[in-house]
Amino acid sequence: MKIETLAVHAGHTVDSATGAVSSPIYLSTTFERDIEGTYSRGFKHARNDNPNHQAFEQGIRALEGGARAAAFASGTGATMAVFQALAPGDHILANVDAYYGTTRLVREIFLRWGLQADFIDMSDLSAVKKALRGKTKLAWMETPSNPLLKIVDIAAVAQIVHDAGAICVCDNTWAPVLQRPFELEADLILHSTTKYFGGHCDVLGGIIVTKNDTELFQRMRSIQYEGGAVPSPFDCCLILRGMPTLPWRMRAHSETPLTFAHFQG
Ligand SMILES: Cc1ncc(COP(=O)(O)O)c(C=O)c1O
């Protein structure tokens, strides 16, 4: 399926109860138990799961070609879950020019919590090799970076990091559709869906997509489930609503600046 077609269909299903082709927003916070006390329809509490939340995860998971996805109330909430899934004493690498909220999160919260971190210029592969330690568990790539739009060679960093027994995360917030990190061997993709997925400056959201269903991802799922930093049904619906137009908007976002770049007055 072409990405434009996938963006139209991913996460969108016909509502089985009513036949509505656009999913209703399920505001219920609790779901009915069966007489046996089980939840055979799959939903229990909206903090844990809800049809809109599930559609949001399925839509972006399919668009990125991953195995599983976990949605959060913001990109920062999703970032937090990635670091929380590690253990105190673990070491991470990140680009020096990553989004300031991400670097602040590491410096203000996770260093105090016992994580060790080095911020390096990830476009310099020798710097990546040099910064690796025995306890390095994860390399955080944000490419293109916010706000300097610096580029990291995802495949080259992934190879170095994998050879050292660690995994790599690509914050793909600024290049959805245009960049396919799983094809370049990234293990996890993170999006602040507050940006291009939402597209209209009126909804916060974040998501982690994993290439494989790993134990580390299950810890992130547990942080989502137990911690409760999930998006509202309305927010999930808004983000999914923007997806069919995402490939076309990304094309416009790319073409317009290119016209400016080529302009000679
Ligand atoms: C690259 C990147 N990652 C993460 C975030 C955080 O996302 P949110 O604003 O949804 O918390 C941002 C926000 O600007 C960002 O630019």
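The values are calculated or read from the model by the stated rules, or taken from the named source; none is laboratory data. Please read all numbers here as calculations on a predicted model, not as lab measurements. Backbone-built Cβ (ideal geometry, glycine too); neighbour counts: all protein chains shown. These accessible areas exclude ligands, DNA and RNA; they are computed on the full protein's heavy atoms, side chains included. Shrake-Rupley method; radii C 1.70, N 1.55, O 1.52, S 1.80 Å.
Annotations
- Every residue from the stretch 192-205 that is over 24 Å from K150 (Cα atoms) and either more than 16 Å from the ligand (Cβ to nearest atom) or open to solvent by less than 60 Å² (accessible area, probe 1.4 Å) (or both): V203
- Filtered residues of the stretch 106-119 (kept if open to solvent by less than 20 Å² (accessible area, probe 1.4 Å) and touching a helix residue (DSSP H, G or I) at 6+ places or on another chain (Cβ under 6 Å)): F110
- Checked across the stretch 231-251, the condition of being buried (at least 16 other Cβ atoms within 10 Å of the Cβ), in a loop (DSSP other than H, G, I, E, B) and more than 16 Å from the ligand (Cβ to nearest atom) holds for no residue.
- Members of the stretch 81-108 found to be in contact (Cβ under 8 Å) with a residue 60 or more places away in the chain, under 25 Å from K150 (Cα atoms), within 16 Å of the ligand (Cβ to nearest atom) and outside any loop (DSSP other than H, G, I, E, B), listed by number: A81, V82, T102
- Across the stretch 136-146, the qualifying residues are those that are in contact (Cβ under 8 Å) with a residue 40 or more places away in the chain and open to solvent by 10 Å² or more (accessible area, probe 1.4 Å), and the one among them that is nearest to the ligand (Cβ to nearest atom) is N146.
- Among the residues of the stretch 56-93, the one identified as over 12 Å from the mean Cα position of the chain (by Cα) and under 14 Å from G228 (Cα atoms) is Q84.
- Restricting the stretch 66-80 to residues that are aliphatic (A, V, I, L, M) and in a loop (DSSP other than H, G, I, E, B), the residue that is nearest to the ligand (Cβ to nearest atom): A73
- Members of the stretch 150-170 that are of a type outside the set (A, V, I, L, M) and open to solvent by 10 Å² or more (accessible area, probe 1.4 Å): K150, D153, Q159, H162, D163, G165
- Apart from one condition, S16 fits all of (1) within 16 Å of the ligand (Cβ to nearest atom); (2) assigned to a loop (DSSP other than H, G, I, E, B); the exception is (1).
- Whether a residue is buried (at least 20 other Cβ atoms within 10 Å of the Cβ) and within 13 Å of the ligand (Cβ to nearest atom) was assessed, and V177 does not pass this test.
- Screening I189, I223, I208 for residues that are touching a residue at least 24 places away in the same chain (Cβ under 8 Å), in contact with a helix residue (DSSP H, G or I) (Cβ under 8 Å, 6 or more places away or on another chain) and either assigned to a helix (DSSP H, G or I) or open to solvent by 80 Å² or more (accessible area, probe 1.4 Å) (or both) leaves exactly one candidate, I223.
- Of the residues making up the stretch 130-154, just one is over 25 Å from G101 (Cα atoms) and part of a helix (DSSP H, G or I), namely K130.
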